[in-house]
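Trainee: Dropping the structure in here first, questions after.
The values are calculated or read from the model by the stated rules, or taken from the named source; none is laboratory data. These numbers come from a predicted model, not from an experiment. Here Cβ is always computed from backbone atoms with ideal geometry, including for glycine, and neighbour counts include all displayed protein chains. These accessible areas exclude ligands, DNA and RNA; they are computed on the full protein's heavy atoms, side chains included. Shrake-Rupley method; radii C 1.70, N 1.55, O 1.52, S 1.80 Å.
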Amino acid sequence: MTELRKDSLSFVEALGQSVANVSPTLTPALAVAVVAGMAGSASWLVYVFATIALLIVGINIGKLAGRIPAAGSFFIYVSRSLGPSYGMLAGWSMLAAYIFTAMALTVATSIFIKTFFTSLGYSGAIPNTLLYLLVSVGIWAFACRDIKISARIGLTLEVVSVAIILFVCVYTFAHFGFKVDAKQVSLSGIDYKSAAQAIVFAIFSFVGFESSATLGRETRNATVSIPKAIVATVIFAGIFFTLTTYLIVQGFDDDATKLGASSAPLADITTNISVTLTALVYFGAAISAFACALASLNAYGRMLFSLGRYQFVHQTMGLVHKDYKTPYVALTVGVVINFIVCAAFAGQAETDTFGWYGTIASFGFIVVYLLCSVAAPVFLAKNGGATTGDKIIGGLGAIFMVLSLVGSVYPVPAAPYNYFPYFFAVYLLLGVMWFFILKARMPQALLGIEHDLEASTSPAE
């Protein structure tokens, strides 16, 4: 049976997967407005705290990735630590997380492409469904080729988009004479309760930082490269988010109300300082969103591939392309789902659907981050012992994720967001039911799964 292309990726290419999946440009281009609307002048500090929380989670995931290099990553990490039932829950949650992230970024790409053309003076309407089709076909074409191509494209696009955003932010800082913003430094007039709630949303800016773990079978020296890529991505994203948030808040003259109401913070800044940089900003945002959609599909395909190899889903999901060595069937299924759902809601406001898909994806990430934080010290204890530090880091990661989960549902959000937790709970319940059906019908699929997952040869062989 054809396998994934083993040891083909370098550390930089694995890093590219995680960086692209975070899509750093999206935060200053869009998400910062939400954080600033709640935290005001403390927005930069919110991202500092979010960085610390996700760095702790990243360390926990890195400990597992350093011991278990596998395409199924979280499904396998949790299975070996807590058992296949929890592993199935992790894999099932991550499937939703990655595919809904791909949907959100497909919509975001469409938004930014249209805004880019509008900024150039083009006033014609571009059908949403057509753009969703083009984006879906584009990410499928790159994803099904050699993973080295996808990883390099994702990293290259992110480098370009980040450079554009940094240029705009530095230009803004120069406009203010490179002066320190006293209001932000002193945290003037902040509402600490709102700032604390903003940390929950800020954490969502980082999701995807862990996706290089899905390339464990394809990365050289994966037990070292993958943990480094995960931690490096959190640190880079945290510094980038903190810096750009500080400069954007300053660019709005510390007017949190105005920034919170903005749907295009960077474009509003360039307009405010009378510089025609809008097209450049949205060009960078568009390529960043596309890169993130590509990275999300790559991660989804490898997660579905691993579940297929161990018969949790149909075994055809575990097939690999003979020439490109990619899980082309799983990737194709992901692209089809991505396009169908996006097209089904093409008549809705795109800013709404972007928020819907992103929120649902966030539930999946938080559940998996929680399980991995619990699994890390348990796995280490089973395999040579866990230190007190391992247990503390695992406990802190779990606590942060529980608080994030609670904060995402209470206080109760407005409709339709108040329904999404129940939607995701039903999705998880279906996964649990499927697990017990498989356990009754094919008990052999679970035999030895905690020890034999993604061994050197496929279980299907």
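Trainee: Mind checking the full-extension length gain between Ala344 and Tyr122? Use 0.36 nm per residue of separation minus the Cα-Cα distance, one decimal, nm.
Mentor: Numbers: separation 222, 0.36 × 222 = 79.92 nm, distance 2.64 nm.
Net length gain for the segment: 77.3 nm.
Trainee: Tell me which of Ala202, Leu131, Asn221 sits at the most positive position along the dipole axis of the stretch 79-236, charges placed on C-beta atoms (Lys, Arg +1; Asp, Glu -1).
Mentor: Value: Asn221.
Trainee: Run the quick spin-label model on Thr129 and Trp434: label points 7 Å from Cα toward the beta carbon, then report their separation in nm to one decimal.
Mentor: My value for the distance between the label points is 2.8 nm.
Trainee: Whole number please: convex hull volume per residue of the Cα set in the stretch 69-133, in Å³?
Mentor: Working: hull volume 6.1 nm³, N = 65.
Output value, Cα hull per residue: 94 Å³.
Trainee: Dipole magnitude of the chain about its Cα centre, charges +1 at Lys/Arg Cβ and -1 at Asp/Glu Cβ only, in debye to the nearest 20? Intermediate values should be presented prior to the final figure.
Mentor: On the way: 24 positive and 21 negative charges, 173 e Å.
Dipole of the chain, to the nearest 20 debye: 820 debye.
Trainee: Which whole-number percent gives the relative contact order of the chain, counting Cα pairs below 8 Å spaced six or more residues apart? Could the numbers behind the result be given before it?
Mentor: Working: 803 pairs, mean separation 161.7, N = 461.
35 percent.
Trainee: Take the Cα radius of gyration of the chain and divide it by 2.2 N^0.38 Å, with N its residue count; two decimals is plenty.
Mentor: 0.94
Trainee: Further question on the same structure: Which shape class applies to the stretch 320-360: rounded if a/c is under 1.5, otherwise prolate when a/b exceeds b/c and oblate if not, where a ≥ b ≥ c are the square roots of the Cα gyration tensor eigenvalues?
Mentor: On the way: a/c = 4.51, a/b = 2.83, b/c = 1.59.
Because a/c hits 1.5 or more and a/b exceeds b/c, the stretch 320-360 counts as prolate.
Trainee: Among all helices in the chain defined by DSSP H, which have a length of 20 Å or more along the axis from Cα atoms plus a Kyte-Doolittle mean of at least 1.6?
Mentor: Helices passing the filter in the chain: 43-65, 128-143, 147-175, 328-344.
Trainee: Given 0.36 nm per residue, what is the gain on full extension from Arg441 to Thr387 after removing their alpha carbon distance, in nm?
Mentor: Working: separation 54, 0.36 × 54 = 19.44 nm, distance 4.01 nm.
Separation in residues times 0.36 nm, less the Cα-Cα distance, equals 15.4 nm.
Trainee: Related question: Counting each DSSP H run of 4 or more residues in the chain as -39500 (n - 2.57), what helix-only mean residue ellipticity at 222 nm follows after dividing by all residues, to the nearest 500 deg cm²/dmol?
Mentor: Values: 18 runs with 324 residues, N = 461.
For the chain, the value works out to -24000 deg cm²/dmol.
Trainee: Follow-up question, since we're still on this one. Just the number, please: carbon plus sulfur as a percent of the accessible area of the chain, 1.4 Å probe, no ligands or DNA/RNA counted. Spell out each step's value before the answer.
Mentor: Numbers: 12270 of 17950 Å².
Summing carbon and sulfur atoms, their accessible area is 68 percent of the total for the chain.
Trainee: Still on this model: Work out, step by step, the length gained on full extension between Ala141 and Phe178: first 0.36 nm times the residue separation, then minus their alpha carbon distance; give nm to one decimal.
Mentor: Working: separation 37, 0.36 × 37 = 13.32 nm, distance 4.42 nm.
Gain on extension, Ala141 to Phe178, equals 8.9 nm.
Trainee: On to the next question. Among rounded, prolate and oblate, which fits the stretch 38-150 when a ≥ b ≥ c are the square roots of the eigenvalues of its C-alpha gyration tensor, a/c under 1.5 means rounded, and a/b larger than b/c means prolate?
Mentor: Working: a/c = 2.68, a/b = 1.47, b/c = 1.82.
Verdict is oblate for the stretch 38-150.
Trainee: How high is the relative contact order of the stretch 1-147? Use alpha-carbon pairs under 8 Å, at least six apart in sequence, and give a whole percent.
Mentor: On the way: 42 pairs, mean separation 16.3, N = 147.
The value is 11 percent.
Trainee: Keeping every protein chain present and rolling a 1.4 Å probe, give me the accessible area per residue for the chain in Å².
Mentor: Working: 17950 Å² over 461 residues.
Result: 39 Å² of accessible area for each residue.
Trainee: From the convex hull of the Cα coordinates of the stretch 325-413, what is the mean projected area in square nanometres? Let's see the in-between values first.
Mentor: Values: hull surface 36.5 nm².
Taking the Cα atoms of the stretch 325-413, their convex hull projects to 9.1 nm² on average.
Trainee: Which entries in Lys228/Lys322; Lys228/Lys258; Lys148/Lys228; Lys193/Lys258; Lys322/Lys439 show an alpha-carbon gap greater than 28 Å?
Mentor: Numbers: Lys228/Lys322 30 Å; Lys228/Lys258 39 Å; Lys148/Lys228 18 Å; Lys193/Lys258 20 Å; Lys322/Lys439 32 Å.
The answer is Lys228/Lys322; Lys228/Lys258; Lys322/Lys439.
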